[in-house]
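The values are calculated or read from the model by the stated rules, or taken from the named source; none is laboratory data. Small disclaimer: the values here were computed from a predicted structure and weren't measured. Cβ placement follows ideal geometry from the backbone for every residue including glycine, while neighbour counts extend to all protein chains displayed. These accessible areas exclude ligands, DNA and RNA; they are computed on the full protein's heavy atoms, side chains included. Shrake-Rupley method; radii C 1.70, N 1.55, O 1.52, S 1.80 Å.
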Amino acid sequence: MNAPEQPDTLTVLYDGGCPLCRREIAHVKGLADRRQDSALCFVDISADAPDSACFAAERTTLLARFHVQRANGSRLDGAAAFVAMWARLPGWRWLARLAQLPGVLPLLERAYCGFLRVRPWLQARARRFEPAAAAQALSPWLARELRSDHAGETGAVFIYRGIAAVARWRGDEGLEAFARRHGDTETEHLRLIESWLPPPQRSRLLGPWRVAGWLTGALPALFGRRATWATIAAVETFVDRHYQQQIDYLHAHGGPDGLLPLLLHCQADERAHRDEAASLQGSPAPWRLRVWCALVGAGSAAAVMVARRL
């Protein structure tokens with residue numbers, strides 16, 4: 001009696017950089033492992049994947065839609081690709097047979113095209129609530145420090161939003177441009193820190209930090225550019241020292257790969273903000289402005305202490 005003929009290998013080309021794809025493929029791999037004759041293999045074609053170099057020239061096209069590749073090199077995409085994959089999976093073959101009925105495959109393709117329109121939004125939501133892998137390597141001390149960094153960068157984004165709002169109201173285009181440029185940098189810092197710190201580990205007081213940040217930017221902006229420059233110099237002086245404490249800790253005790261360069265990058269940007277504001281401020285500030293800046297520094301220190309805990 002002849003052995004049953006083994007099906008040709010079907011290669012699933014997936015985007016390992018997409019949280020939705022990672023979850024689906026993990027499920028599919030689990031199903032495929034239950035049958036040794038599924039003849040499915042999986043290739044991550046995202047830019048950072050080690051096996052994706054041969055797909056570099058057509059990566060954009062392949063990532064736009066789901067693709068599978070037959071043993072002869074031909075490919076299927078969209079709903080047809082899903083049907084071909086389902087036909088190899090235990091518990092899903094019935095759906096593949098259903099898709100072969102007249103008119104079903106076009107309906108599945110229309111549903112898939114509808115999904116593609118909302119996929120960017122779904123990916124963003126999934127990334128927001130996906131635990132950061134790097135967070136597993138954080139010590140309790142580093143987790144607390146990164147929580148304070150995240151709260152601080154959240155406040156910084158809103159400091160510049162407060163400045164921009166007042167500058168726009170006053171018609172000061174130069175100050176508004178300054179605030180938007182620096183605010184973009186702080187937004188990037190926030191994104192980088194969020195890649196390390198999943199939502200459950202972030203401060204529970206982000207709402208108050210946003211309000212406090214906005215007021216810290218808006219109030220001095222009401223009094224003009226000099227008060228704004230002095231405030232930014234005071235805030236960034238504190239932030240520079242705060243980052244330096246964490247950098248010193250990592251130099252002494254080590255930490256997860258990639259965290260030290262991130263902190264050094266953020267610190268360099270904050271120092272540039274501080275130096276630019278100080279140079280724009282010019283002559284020493286009057287005593288009232290120095291008192292305000294001292295209060296800003298003290299408030300920043302108090303906020304860090306609270307954010308480490310809440």
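Laid out as a table, the results:
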read-out	value
For the chain, share of DSSP beta bridges that run antiparallel, in % to the nearest 5	55
Distant-in-sequence amide H partners of TRP196 (H built 1.01 Å from N, under 5 Å)	none
By accessible area with a 1.4 Å probe, ligands and nucleic acids excluded, highest first: order of ASP44, ASP275, ASP184	ASP184, ASP275, ASP44
Tail beyond 19 Å, pair distance distribution of the stretch 170-270 (Cα, percent)	53
Global form of the stretch 249-288, assessed from the alpha-carbon gyration tensor, a/c cut-off 1.5	prolate
Long-range tail of P(r) for the stretch 261-310 (Cα pairs > 13 Å, %)	71
Fraction of accessible area attributable to carbon and sulfur, the chain (%, probe 1.4 Å)	58
Relative contact order computed over the chain (Cα-Cα under 8 Å; 6+ residues apart), in percent	15
Rounded accessible area of GLU173 (nearest 10 Å², 1.4 Å probe)	150
Acute angle (nearest 10 degrees) that the helix 287-309 long axis makes with the longest principal axis of the chain, alpha-carbon atoms	30
In Å, descending, principal axis extents of the Cα set of the chain	97, 47, 34
The stretch 201-310: trypsin sites (Lys or Arg not before Pro) in DSSP loop, at most 12 other beta carbons within 10 Å	ARG204
Probe 1.4 Å, accessible area per residue of the stretch 131-241, Å²	45
For the chain, Cys with no neighbouring Cys Cβ under 4.7 Å	CYS41, CYS54, CYS113, CYS266, CYS293
Accessible area, probe 1.4 Å, largest first, for residues MET85, MET305	MET305, MET85
Tail beyond 17 Å, pair distance distribution of the stretch 115-239 (Cα, percent)	61
